[in-house]
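Below is one structure, written out as structure tokens, with a few remarks after it.
The values are calculated or read from the model by the stated rules, or taken from the named source; none is laboratory data. None of these values were measured; they are calculated from a predicted model. Cβ: placed from backbone, ideal geometry, glycine included. Neighbour counts: every protein chain shown.
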Amino acid sequence: MPRAPGAEESLVKREASRAISFVVNGAERTYKGPAFKRLIDVLREDFGLTGTKEGCGEGECGACTVLLDGKPAASCLVPVSQVHGRKVETVESLARGESLNPLQRSFLEEAAAQCGICTPGILLTAWSWVKAGGSADPEAVRKHLSGNLCRCTGYQSIVDAVVKTVKKRRAA
């Protein structure tokens with residue numbers, strides 16, 4: 001059935017003014033704008049949370065990883081409309097003021113961070129593993145991190161940092 005003249009334009013205008021509310025790093029936030037805008041762009045451009053990085057823009061590298069309801073998600077592939085009523089965590093959520101998260105401390109101690117493009121996504125993917133009670137087995141950690149690419153390291157220091165954090169949490 002053909003649409004009335006201007007129907008598509010009207011739909012786009014309606015979507016452009018849509019209010020989308022969700023929790024970001026523990027705070028209720030509302031975005032007003034195009035519902036099809038990518039989550040990474042809303043976080044960086046509208047909310048000023050620039051810790052989330054864009055690598056490939058195709059969901060292949062993991063640099064843009066955020067936690068969506070506690071699970072890793074490629075924010076470059078998620079339209080903001082899909083996060084309405086949900087919980088988003090960015091790398092900014094890990095530290096508490098001047099106090100680093102245990103995983104961040106392990107990354108520093110193990111020299112697991114290099115250029116910084118992939119680090120936020122790797123930290124969040126690894127933190128989801130640690131919080132879920134993931135194994136300290138290095139191969140299991142490697143498998144969990146397989147969606148996050150890093151061109152600067154050989155991954156061993158990253159795996160060591162995650163294993164160290166898992167072991168410390170279990171000992172506590």
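Test Leu67 against the criterion of being aliphatic (A, V, I, L, M) and either part of a loop (DSSP other than H, G, I, E, B) or in the same structural domain as Ser146 (by TED's automatic domain parsing) (or both), and give yes or no. Explain how you work it out, then say what you get.
Working: aliphatic (A, V, I, L, M): yes; either part of a loop (DSSP other than H, G, I, E, B) or in the same structural domain as Ser146 (by TED's automatic domain parsing) (or both): no.
Criteria not met by Leu67.
Taken over the range 17-66, the residue count meeting the criterion of being within 21 Å of Thr125 (Cβ to Cβ), crowded, with 18+ Cβ neighbours inside 10 Å and of a type in the set (Val, Ile, Thr) is 6.
For residues that are in a loop (DSSP other than H, G, I, E, B), among the aliphatic types (A, V, I, L, M) and more than 17 Å from the chain's Cα centre (by Cα), tally how many sit in the range 91-120.
Initial filter on the range 91-120 (in a loop (DSSP other than H, G, I, E, B)): 94-95, 97-98, 100-101, 110-118.
Add one more test, that the residue is among the aliphatic types (A, V, I, L, M), and what stays is 94-95, 100, 111-113, 117.
The next check asks that each one be more than 17 Å from the chain's Cα centre (by Cα); those that pass are 100, 111-112.
Residues flagged as in a loop (DSSP other than H, G, I, E, B), among the aliphatic types (A, V, I, L, M) and more than 17 Å from the chain's Cα centre (by Cα) within the range 91-120 amount to 3.
Of all residues in the range 121-140 being without any contact (Cβ under 8 Å) to a residue 24 or more places away in the chain and assigned to a helix (DSSP H, G or I), which is surrounded by the fewest Cβ atoms within 10 Å (Cβ to Cβ)? So the residue we want is Glu139.
Of the residues in the range 154-172, how many are touching a residue at least 24 places away in the same chain (Cβ under 8 Å) and hydrophobic (A, V, I, L, M, F, W, C)? Quick ask: steps written out before the conclusion?
Kept after step one, since they are touching a residue at least 24 places away in the same chain (Cβ under 8 Å), are these residues of the range 154-172: 157-158, 160-170.
So of that shortlist, the ones also hydrophobic (A, V, I, L, M, F, W, C) come out as 158, 161-163, 166.
Total meeting the criteria: 5.
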